[in-house]
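What follows is one structure encoded as structure tokens, with my remarks underneath.
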Amino acid sequence: MPAIAAIVIFVCAYVLIASERVHRTAVALGGAGLMLLLHITDAEGAFFSEESGIDWNVVFLLLGMMVIVSVLRQTGVFEYVAIWAAKRARGRPYRLMVMLVVLTAGASALLDNVTTVLLIAPVTFLVCERLGLQAQPYLIAEVMASNIGGTATLVGDPPNIIIASRGDLAFNDFLVHLAPLVVVLMAVFCLLCRWLFRSAFHYDPDLAAEVMELEEREAITDRGLLAQGLTVLAIVVAAFVLHPVLDYEPSVVALLGAGLLVAATRVTTEDALREVEWPTLVFFAGLFVMVGGLVETGVIGDVSEAAADATDGNLGGAAMLLLWASAALSAIVDNIPYVATMSPIVADLVQQHPGDEGDVLWWALALGADLGGNATAIGASANVVVLGIAARNGTPISFWQFTRYGLVVTFVTVALATPYLWLRYL
């Protein structure tokens with residue numbers, strides 16, 4: 001009975017989020033409240049459980065990076081980067097999109113993808129305003145590039161950190177096994193953008209000429225604060241990359257960086273917190289509680305175990321099923337709780353195969369979860385963050401506007417990952 005109730009609540013919430021008749025934050029809070037009210041989960045499970053509760057590492061990582069971005073916004077650095085990018089692209093919309101998505105993918109491999117979209121979104125709004133372009137297609141392309149690029153490294157996407165911990169995998173393991181494929185996927189994605197967003201590439205020669213005459217250095221309004229902000233950001237990024245050595249969670253690093261930046265500069269606490277996307281943070285909390293209800297009642301575990309049993313010890317079949325099933329399930333539930341639930345099952349499957357042979361299952365899980373996160377507007381943390389930023393800036397992206405592009409990108413990228421896994425490992 002609790003499992004049925006959890007499924008009904010989650011499905012109804014998902015339908016409401018997709019319909020956009022009710023704000024997604026209200027839906028998430030309502031669904032979380034019902035999970036608690038009906039004792040599907042309890043306060044211990046919702047707020048303190050690592051397996052089925054709110055992932056505070058994600059919430060506080062977002063909070064810390066939002067504060068750092070808020071401080072940097074006051075220096076004019078985003079205007080600088082926007083003008084620089086527009087001039088390098090010579091005002092050409094498609095060339096600009098390629099530049100932004102490649103930059104986003106590269107940054108997502110070093111930072112996590114959520115941090116990257118927080119930094120690139122303000123630049124996107126500014127450069128699109130300068131060139132008279134719609135920002136939504138660029139934001140959608142960037143967040144998809146962040147999910148693809150983040151697949152390449154241990155720190156690039158939160159699910160990868162979970163996989164590395166469970167599978168005892170190092171930073172270089174992800175680089176060797178996944179980065180080559182990500183390079184190919186990004187090349188294909190850039191070509192795909194030309195077709196997917198072709199209606200958005202409106203070139204205005206007059207606006208382009210005006211941008212070419214701008215001097216980007218004049219956009220910087222506070223060089224002292226910029227130096228302080230970039231120093232703190234560089235330290236935070238270095239700590240992210242050195243996570244396996246320092247053993248500090250990214251959320252701790254982000255909060256320490258945010259606290260240091262606010263304490264050491266003239267920026268007031270009120271100004272630093274003004275740009276925080278509070279509705280997005282609350283939405284994540286509610287979503288984690290709802291998914292936690294599915295975990296607590298064994299729904300996700302049963303689905304995962306059934307998929308594992310269906311392969312009957314066949315490594316190739318298990319890898320392919322894991323890849324495609326992970327992509328499908330990550331489109332429905334956020335890929336962080338999905339991977340947290342699935343990783344113990346994959347660990348058991350890996351142990352059934354001697355040596356390093358079974359590691360292909362970890363790569364199948366990572367690729368399926370990371371690339372599948374592009375499929376829908378709530379498939380990955382970065383997607384939700386970008387939708388929140390877009391709504392705040394008066395250019396909302398609907399659930400279906402994102403998803404109709406996301407499904408195409410997910411199918412193409414996962415289809416390309418399939419022969420890669422098969423030919424390289426099987």
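Per-residue 3J(HN,Hα) values for segment 101-112, derived from phi via the Karplus relation 6.51 cos²θ - 1.76 cosθ + 1.60 with θ = phi - 60°, read 6, 5, 4, 5, 4, x, 5, 5, 6, 9, 8, 7 Hz in sequence order (x marks Gly and Pro). The residues neighbouring residue 168, those whose beta-carbon lies less than 12 Å from its own, together hold a net charge of -2 under the Lys/Arg +1, Asp/Glu -1 convention. Of the accessible area of segment 194-246, computed with a 1.4 Å probe over protein heavy atoms only, carbon and sulfur atoms account for 57 percent. Computed on segment 114-189, the Cα convex hull volume stands at 83 Å³ per residue.
Compared with the dominant principal axis of the Cα atoms in the chain, helix 77-88 is inclined by about 80°. Protection proxy ranking, highest mean first, for peptides 390-396, 153-159: 153-159, 390-396, where packing is the per-residue count of other beta-carbon atoms within 10 Å, averaged.
How big is D for segment 1-159, in µm² s⁻¹ as a whole number, if Stokes-Einstein is applied with the Kirkwood radius of its Cα pairs at 20 °C and 1.002 mPa s? Using the Kirkwood radius from Cα pairs, D works out to 119 µm²/s.
Evaluated over the Cα positions of segment 319-426, the convex hull gives a direction-averaged projected area, one quarter of its surface, of 6.7 nm².
Taken over segment 381-426, the convex hull of the Cα atoms encloses 75 Å³ per residue. Kirkwood radius and radius of gyration were both taken over the C-alpha atoms of segment 145-208, and their ratio Rg/Rh is 1.22. In vacuo Debye scattering of segment 283-347, one point per C-alpha: log10 I(q)/I(0) at q = 0.13, 0.21 Å⁻¹? Log-scaled intensity ratios, in q order: -0.35, -0.83.
For segment 127-254, the spread of Cα coordinates along the three principal axes comes to 55, 42, 20 Å, biggest extent given first. Charging the Cβ of each Asp and Glu at -1 and of each Lys and Arg at +1, and nothing else, the dipole of the chain about its Cα centre rounds to 1460 debye. Looking at segment 244-397, the pairs of alpha carbons with a distance over 21 Å make up 57% of the total.
For segment 1-157, the solvent-accessible area works out to 37 Å² per residue, with a probe of 1.4 Å and every protein chain left in place. In order along segment 229-246, the phi-based Karplus estimate (6.51 cos²θ - 1.76 cosθ + 1.60, θ = phi - 60°) of 3J(HN,Hα) comes to x, 5, 5, 5, 4, 5, 5, 5, 4, 4, 5, 4, 5, 8, 3, x, 8, 6 Hz; Gly and Pro are listed as x.
Remark: segment 185-235 carries 61 Å² of accessible area per residue (probe radius 1.4 Å; ligands, DNA and RNA excluded). Seen against the Cα atoms of the chain and their longest principal axis, helix 135-150 is set at about 50 degrees. For the listed peptides 379-386, 412-419, a ranking on the average number of other beta carbons within 10 Å per residue, highest first, reads 379-386, 412-419.
Mind checking the angle between helix 24-37 and the chain's longest principal axis? C-alpha axes, 0 to 90 degrees, to the nearest 10. So the helix axis and the longest Cα principal axis differ by about 30 degrees.
As a ratio to 2.2 N^0.38 Å, the alpha-carbon radius of gyration for segment 244-312 is 1.79.
The values are calculated or read from the model by the stated rules, or taken from the named source; none is laboratory data. Since the model is a prediction, treat every value here as computed from it, not as a measurement. Virtual Cβ from ideal backbone geometry, glycine too; neighbours counted across all protein chains shown. Quick note on the areas: whole protein, heavy atoms, side chains included, nothing else; ligands and nucleic acids left out. Shrake-Rupley method; radii C 1.70, N 1.55, O 1.52, S 1.80 Å.
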